[in-house]
Amino acid sequence: MSNNIVSENKIGKELYGYQKEALQEIFKRFEGAPDDYHLLYQLPTGGGKTVIFSEIVRRYLERYNKKVLVLTHRIELSKQTSKMLNEFHVTNKIINSTAKLDDQDNYSCFVAMVETLNNRLNDEKFDISNIGLVIVDEAHYNSFTKIFKFFDDCFILGVTATPLSSNIKLPMYENYQELFVGESIQQLIDNEYLAKANMYSYNVGLTSLEVGANGDYTVKSSEDLYTNADMLSKLVSAYEETVKGKKTLIFNNGINTSIQVFHAFKKAGYPIAHLDNTNTKKERELILRWFHKTPNAIITSVSILTTGFDEPSIEAIILNRATKSLTLYYQMIGRGSRIFGNKTTFDVVDLGNNFYRFGPWGADLDWQKMFKSPDYYLNAILSDEEIESSFRYELPADVKKDFANSKDLFFDVKRVYIETIRAGESSKRVLEKSIEHHAKICVENSEDVFDALILAKKLGEEIDDRINRYAKCISKSTHNFVTWLKDDYRKKLNTHLRSNFDEIYEQIHGHPPED
């Protein structure tokens with residue numbers, strides 16, 4: 001194997017202690033297992049999976065008279081993997097749609113995207129007769145399973161940060177016999193290999209979101225929610241309250257949402273760029289270069305920066321989306337976890353109730369149990385209704401300032417509903433009482449009816465929250481009915497203010513408003 005000559009000098013990167021231990025453990029399992037053994041290795045994002053498996057490739061080629069294949073699911077990862085293998089003095093060939101295979105006998109290591117390789121294997125243009133080890137990067141993607149049938153006699157090593165399949169119908173235990181768990185996030189933080197996450201969570205009403213066939217929230221329903229004016233305002237306010245001036249990466253579920261986020265931040269005067277998979281390679285490079293050298297830069301993107309993107313200077317992550325995928329949750333937050341200079345912590349702002357759904361990033365998860373019984377874990381995840389039932393709605397800080405004269409801003413819909421029904425009154429009285437409360441706090445902070453009507457407009461998000469809670473109480477929550485209720489409530493609140501402003505003002509102040 002002349003293409004993998006090992007230099008006497010330092011090769012690749014110096015491995016950390018935990019990486020060396022993992023390496024030894026994996027090789028121990030190589031030696032004691034049958035040729036067709038499938039092992040899954042879990043290590044957190046930022047733990048150096050690519051470094052570890054690059055050294056595994058180098059040592060494997062030294063010890064065994066067989067070849068190695070590394071599988072990825074994206075072209076950027078193929079290139080990064082190839083570059084890392086070169087650093088370890090492993091000459092390798094990338095098999096893409098344009099690669100010529102007439103020189104494949106000169107190589108002992110190949111890097112391929114799964115779809116491209118599948119095509120090459122089906123047309124029998126790639127010789128796999130002497131491959132002994134297949135490494136699967138980001139193994140939780142179920143697209144790799146179609147390849148396994150070609151490698152019945154190979155040791156397959158899958159590597160992932162989260163050993164939970166992206167397809168609930170194809171659990172990991174069906175493709176891997178065993179899970180080897182590496183260092184935990186907390187251990188890596190304690191030993192100063194990863195930065196610690198400071199979590200900030202903002203309660204968001206997500207009951208309008210719909211779940212698609214893949215088990216996660218649909219792009220359309222996410223776009224509808226996250227592009228509305230209230231949510232965009234909430235996002236900018238959350239940024240200003242928690243991470244203003246820090247290098248920030250914002251994740252969205254949909255290109256249109258990201259574009260709207262770009263305009264909202266641009267309008268507020270912040271340095272921001274939008275990036276999605278329609279950008280050209282040159283545009284992407286220019287944006288990432290600008291992001292790298294600009295201390296307070298913001299990038300708003302969709303999911304293209306969840307893997308294969310390494311910018312250690314990131315100080316803040318904003319999850320401007322909800323997800324039901326634990327893997328995606330960990331990948332997004334992991335983009336900020338790299339140690340860099342004096343950086344030992346980073347901030348995470350959650351606007352998708354993900355913190356409530358999955359727990360804090362770095363929580364002590366039982367990966368073995370999750371691997372063996374994924375349904376048990378998935379069924380234990382709280383639904384949006386369960387999460388939101390415990391919320392007490394808080395006005396955003398910038399809106400709250402406009403209601404500084406009001407001592408009691410909270411209206412407990414569920415409690416008022418129970419009291420109203422017990423008193424023998426119609427459930428409609430709950431909304432009437434709510435409108436009276438909203439009108440009171442608007443008048444308390446206004447000089448005239450025009451001020452009050454302006455304030456009423458700022459209560460849109462809270463009105464939606466109250467209507468959603470009311471709909472649950474009356475067990476009638478079709479989308480059209482709830483939408484109608486929200487619109488009707490706003491009209492009735494405005495009418496109530498116009499008709500009763502002077503009377504409410506006099507009750508509060510003891511005298512009529514001045515002309």
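With the requirement that a residue be in a helix (DSSP H, G or I) and small (G, A, S), what does the stretch 10-43 give you?
Matches in the stretch 10-43: G17, A22, G32.
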task = With the condition kept exactly as written, say whether any residue in the stretch 129-144 is surrounded by 19 or more Cβ atoms within 10 Å (Cβ to Cβ), modelled with pLDDT under 80, assigned by TED's automatic domain parsing to the domain that holds L157 and in contact with a strand residue (DSSP E or B) (Cβ under 9 Å, 6 or more places away or on another chain).
result = yes
When restricted to Y505, Y470, Y489, the only residue buried (at least 16 other Cβ atoms within 10 Å of the Cβ) and more than 18 Å from Y393 (Cα to Cα) is Y505
Those helices (runs of 4 or more DSSP H) completely within the stretch 188-295 that have 2 or more residues that are of a type in the set (K, R) and modelled with pLDDT under 95 are 281-293
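For the stretch 391-405, which positions are in contact (Cβ under 8 Å) with a residue 12 or more places away in the chain and either small (G, A, S) or not in a loop (DSSP other than H, G, I, E, B) (or both)? Walk me through how you get there before you give the answer.
In the first step, residues of the stretch 391-405 are kept if they are in contact (Cβ under 8 Å) with a residue 12 or more places away in the chain; the result is 391-399, 402-405.
Listed by number, the residues that qualify are A397, D398, V399, D402, F403, A404.
Provide a single number: the residues in the stretch 131-156 that are among the aromatic types (F, W, Y), under 24 Å from G48 (Cα atoms) and assigned to a loop (DSSP other than H, G, I, E, B).
So the count comes out to 1.
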Of the residues in the stretch 420-435, those that are at pLDDT 95 or above and of a type in the set (G, A, S) number 1
Okay, helices (runs of 4 or more DSSP H) sitting entirely in the stretch 427-515 with 3 or more residues that are more than 23 Å from S390 (Cα to Cα) and either charged (D, E, K, R) or not assigned by TED's automatic domain parsing to the domain that holds R415 (or both), I get 428-444, 479-509
Reported set for the stretch 79-115 where residues are within 32 Å of the chain's Cα centre (by Cα), under 13 Å from F126 (Cα atoms) and among the hydroxyl-bearing types (S, T, Y) is S97
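The values are calculated or read from the model by the stated rules, or taken from the named source; none is laboratory data. The shown structure was predicted, so the numbers you read here are calculated from the model rather than taken from an experiment. Using ideal geometry, Cβ is built from the backbone for each residue, glycine included, and neighbour counts are taken over all protein chains shown.
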